[in-house]
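Quick notes on the structure that follows.
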Amino acid sequence: MPIRLSGLSSGLDTESIIAELVKAKSEKKNTLVKEQTKLEWKQEAWKELNTKVYSFYSKTLSNMRLSSDYIKRTTKVSDPNAASVITGATAVKGTQTLDIKEMANTAYLTGGKIETEDGEAATSSTKLTDLKGATSLAGKKLSLTIGGETKEFTVEAGTTIADLTKWLGEEGLNANFDEKNQRLFISAKESGAAADFTISGDSDALAALKLQTSDQGGEAVKIDGTDARIILNGAEFTSSSNTFEINGLTITAMAKTANPITITTDDDVDGIYDMIKNFFTEYNTLINEMDSLYNADSSKGYEPLTDEEKDAMSDSEIEKWEQKIKDSLLRRDSTLGTVATAMKQIMLQGVEMSDGSKMYLSQFGIGTLGYFNAADGEKNAYHIDGDPDDSSTSANGDKLKTAIANNPEQVIEFFVGLSRNLYEKLGDMMKGTEYSSAFTLYDDKAMKTEYDGYKEKISKQEELIATYEDRYYAKFTRMETALAKLQSKESALSGLFGY
């Protein structure tokens, strides 16, 4: 880089003069930077909108075009105190009889109150040989039988109550010594006959631990593990728990029934209605945003700010200025207009039904409010008559819910067709091309190429500015050098003549 002398001899503000001389070149660079910034903002605006459209396309529309997603059913029980039912997707419509014969029980053994030889309260660390009547238990055995399999526990001289409960736990039971009540509580970890257990073995050990049941001559209380048993439509079913999964229904028995009760499975009108309502909520949000972006106010006269321009403004002023530009970036955008129009046309054109007829949203009480009644930015939003959450149409008769209740197959066919038409149209518009990536509505590839082009143009303009600056500095440097020499000669002459 050449040496740059700045007005040492001439007293001129060289830097300001040169800045003015290259001003035209700098303005061209600033224009390029502003255009690049607006393009970057436009890319961000399109990326954000495209993400929302793709989410609507890949989730809501993708599900709504499948008739299986509309199969929502609910089941009512004539005696809700006796049973509860969860309805699965494969449950069939109809009324069935249910008779609950037996409830499932969990095997439970409550021991009697333990005593020690010295009369002190027992703890988990008390040795079994210190229990009343158990001084000679060392070497004696206890047996645990679960599901036909028997395990043995040998009492040693130092075996404690905690050792016994630990072993029972390791063998698949819940076991605890309640020091407050001085009793052993033992239970199966699962309900049902298969999890039932018995504890047997040395009678002295059982007596000392107070685990002898009445049939063993003791005072412990045992509840056997049993299976639940129901009769559904004349067929018997058993389960180790009180829950049965039968033909798409999950039936939970809650109490025995004196007489058969009924369970009735039917279409879930509210479930189907909510699915359709959620579809319109998402569609309205999307189309309203598209309309708002397309019809945004003009930002004519607003351009991205240079650093110098920002220095003269407050942060809030800068934010407001830039937001004005960002809000208008997709104004009258041809791609946006094409996408929004295509979506609106699909919603208006109706659906060809399997019987050869054609149906429209209006036949289900669904439509827009009209240009003069709808709020700004909501001209193309749809409203459902009778929707309690919609103040504009809540007072109207609910055609949609009535249609679902009376002819759910027709409703499902219509909305499957509508969703499929919209899904296919958006899919076509999001196909990848040489200008755009797959699942992208806008020309993201072309925009990136344009953005990179700006970077190259800006770089060349900066090089050009630097070249001109160097050229002007070189000229001013030569002038300064000449002036310095002239001043030196004048000083020398003045010295000769005594000035």
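The values are calculated or read from the model by the stated rules, or taken from the named source; none is laboratory data. All values derive from a computational prediction rather than experimental measurement. All Cβ positions, glycine included, derive from the backbone under ideal geometry; neighbour counts span all protein chains shown. Only protein heavy atoms, including side chains, enter the accessible area calculation; ligands, DNA and RNA are left aside. Shrake-Rupley method; radii C 1.70, N 1.55, O 1.52, S 1.80 Å.
Structure values in brief
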item	result
Theoretical gain in end-to-end length, Lys460 to Thr51 [0.36 nm per residue, Cα-Cα removed]	143.7 nm
Per residue, in Å², the accessible surface of the chain once ligands and nucleic acids are set aside, probe 1.4 Å	55 Å²
Tilt relative to the chain, helix 408-429 - C-alpha long axis, 0 to 90 degrees, to 10	30 degrees
Relative contact order [Cα under 8 Å, 6+ residues apart], the range 337-431, whole percent	27 percent
Gyration tensor over alpha-carbon atoms, the range 31-173, equivalent ellipsoid semi-axes in Å	68, 33, 14
Helix 161-170 vs. the chain, principal-axis angle (Cα, 0 to 90°, nearest 10)	70 degrees
With all protein chains modelled, accessible area of Asp79 [1.4 Å, Å²]	60 Å²
Cleavage-rule hits, trypsin sites (Lys or Arg not before Pro), the range 181-290, DSSP coil, Cβ neighbours within 10 Å at most 15	Lys189, Lys256
Karplus-derived HN-Hα couplings along the range 36-49 (A = 6.51, B = -1.76, C = 1.60, θ = phi - 60°), whole Hz, x at Gly and Pro	5, 5, 5, 5, 4, 5, 5, 4, 5, 5, 5, 4, 5, 5
Hz values of 3J(HN,Hα) by residue in the range 273-285 - Karplus curve (6.51, -1.76, 1.60), Gly and Pro given as x	4, 5, 4, 5, 4, 5, 4, 6, 4, 5, 4, 4, 4
Accessible-area composition of the chain, carbon plus sulfur, in percent [1.4 Å probe]	48 percent
Semi-axis lengths, Å, the range 382-431, gyration tensor of Cα atoms, sqrt of 5 times eigenvalues	27, 16, 5
Listed residue (Met447, Thr87, Thr243) projecting farthest to the positive dipole end of the chain, Cβ model	Met447
Accessible area of Val221 in the full protein assembly, 1.4 Å probe (Å², nearest 10)	90 Å²
Residues whose placed amide H lies under 5 Å from that of Met254, excluding near-sequence neighbours	Ala83, Ser84
Ile199 accessible area, assembled protein chains, probe 1.4 Å, Å²	20 Å²
Amide H contacts of Thr213 (H built 1.01 Å from N, under 5 Å, at least 5 apart or other chain)	Gly218, Ala220
Cleavage-rule hits (GluC sites (Glu not before Pro)) in the range 397-471: DSSP loop, at most 11 neighbouring Cβ within 10 angstrom	Glu434
Amide H contacts under 5 Å for Ser436, placed H, 5+ residues apart	Lys445
Stokes-Einstein D for the chain, Kirkwood Rh over Cα pairs, 20 °C, 1.002 mPa s (µm²/s)	65 µm²/s
Estimated vicinal HN-Hα couplings, Hz - the range 326-336 in sequence order (Karplus 6.51, -1.76, 1.60; Gly, Pro = x)	4, 5, 9, 4, 9, 4, 6, 5, 5, 5, 4
Stokes-Einstein diffusion coefficient of the range 271-368, Kirkwood radius over Cα pairs, 20 °C, 1.002 mPa s, in µm²/s	126 µm²/s
Contact order normalised by residue count of the range 116-187, Cα under 8 Å, 6+ apart, percent	28 percent
Helix-only [θ]222 nm of the chain, DSSP H runs n ≥ 4, -39500 (n - 2.57) each, per residue, nearest 500	-13500 deg cm²/dmol
